[in-house]
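K.L.:
The structure is given below, and queries will be raised subsequently.
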Amino acid sequence: MIKLNWTYHLGRLLLWMLLALLLGLWAGHWLLVPSIFLAGYVAWQLFNGFRLHRWLQSWDTEPPESIGMWAEIFEGIASLQKLNRKRSRQYQQVIDDFTGMTDAFPDATLVIDRHDIINWFNDSAVRLLDLKAPADRGQTVTNLIRDPAFSDWLAVQDKLTSTLDITCPGDDNIILQLSAVHFGKDQRMLILRNVTDVRNLERMRRDLVANVSHELRTPLTVMLGYLEVLKSQPEEASGEAI
């Protein structure tokens, strides 16, 4: 914030006005001399205002040289600009670090607003969902992931938290697991994880259990049949049969 010693500058102005008035009285033109001084003062202010405007419109980092109050204004604005540039670099570094971190995620990540508009997505989303930056930013996510189950799942995520498996829009052989995280003001982060290998292992486990159960069921059924027959025979006959 620019702080000016207004009392000091106002005192200087009044002193110059008094000197101009005294000079006018001495010269016999008590009104003309102060008027010329005021006209010059206004012209000086307009000139410095024009310089300030031109400087702010340019990319020049060095402030114009001046004296008095305007020197303090120029130096104060230059200090604020320097501080803002430093903060901008710091904020940009934070953004770059965050972007690099999220781009390293193997999971596709999208940020959408309450209207399901895509605000941001990482590189994994580009690979898995075939998104294009920046063209697909600002698009409705349901227009890019055209799956009725996804639309129904997304509509109820404000009330409950659950996961959903869908096929990858660009490859039917890839299975993606969807989850949503709420953050900020009416924003959601959609995380899509490639669970194809996990689902394939689960399917193989189910198939293995089903096959083993089928293979064991037949001999067990035969053995149970023999046991039922033996139980129905008299004890002596059962002993001979064994």
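The values are calculated or read from the model by the stated rules, or taken from the named source; none is laboratory data. Remember, it's a predicted structure, so these values are computed and weren't measured experimentally. Note that we place each Cβ from the backbone using ideal geometry, even for glycine, and neighbour counts take in every protein chain shown.
K.L.:
Might you let me know whether region 89-101 holds any residue that is of a type in the set (Phe, Trp, Tyr), under 25 Å from ASP186 (Cβ atoms), assigned to a helix (DSSP H, G or I) and out of contact with any helix residue (DSSP H, G or I) (no Cβ under 7 Å at 6 or more places or on another chain)?
P.N.:
Restricting attention to region 89-101, the residues satisfying the condition of being of a type in the set (Phe, Trp, Tyr) are 91, 98.
Still in the list and also under 25 Å from ASP186 (Cβ atoms): 91, 98.
So of that shortlist, the ones also assigned to a helix (DSSP H, G or I) come out as 91, 98.
Add one more test, that the residue is out of contact with any helix residue (DSSP H, G or I) (no Cβ under 7 Å at 6 or more places or on another chain), and what stays is 91, 98.
Yes.
K.L.:
Picking from VAL111, VAL42, which residue would you name as being under 30 Å from GLN139 (Cα atoms) and either at pLDDT 90 or above or among the polar types (S, T, N, Q) (or both)?
P.N.:
VAL111
K.L.:
Of all residues being surrounded by fewer than 13 Cβ atoms within 10 Å (Cβ to Cβ) and farther than 18 Å from ILE112 by Cβ in region 172-197, which is modelled with the lowest pLDDT? Just the residue, please.
P.N.:
Initially, region 172-197 is screened for residues surrounded by fewer than 13 Cβ atoms within 10 Å (Cβ to Cβ), giving 172-173, 182-186, 197.
Next, from what is left, pick out any that are farther than 18 Å from ILE112 by Cβ: 172-173, 197.
Values: ASP172: 84, ASN173: 87, ASP197: 87.
Per the stated criteria, the residue is ASP172.
K.L.:
Hey, MET101 hits all of (1) of a type in the set (A, V, I, L, M, F, W, C); (2) under 29 Å from GLU202 (Cα atoms); (3) surrounded by fewer than 17 Cβ atoms within 10 Å (Cβ to Cβ) but one; which does it fall short on?
P.N.:
(2)
K.L.:
Contact list please: Cβ distance under 9 Å, first residue in region 70-90 and under 15 Å from HIS53 (Cβ atoms), second residue surrounded by 13 or more Cβ atoms within 10 Å (Cβ to Cβ) and among the basic types (Lys, Arg), pairs at least six apart or on different chains.
P.N.:
TRP70/ARG51; PHE74/ARG51
K.L.:
Right, something else. May I ask you to verify whether ASP113 is of a type in the set (D, E, K, R), under 20 Å from ILE166 (Cβ atoms) and surrounded by 13 or more Cβ atoms within 10 Å (Cβ to Cβ)?
P.N.:
On the way: of a type in the set (D, E, K, R): yes; under 20 Å from ILE166 (Cβ atoms): no; surrounded by 13 or more Cβ atoms within 10 Å (Cβ to Cβ): yes.
No, not satisfied.
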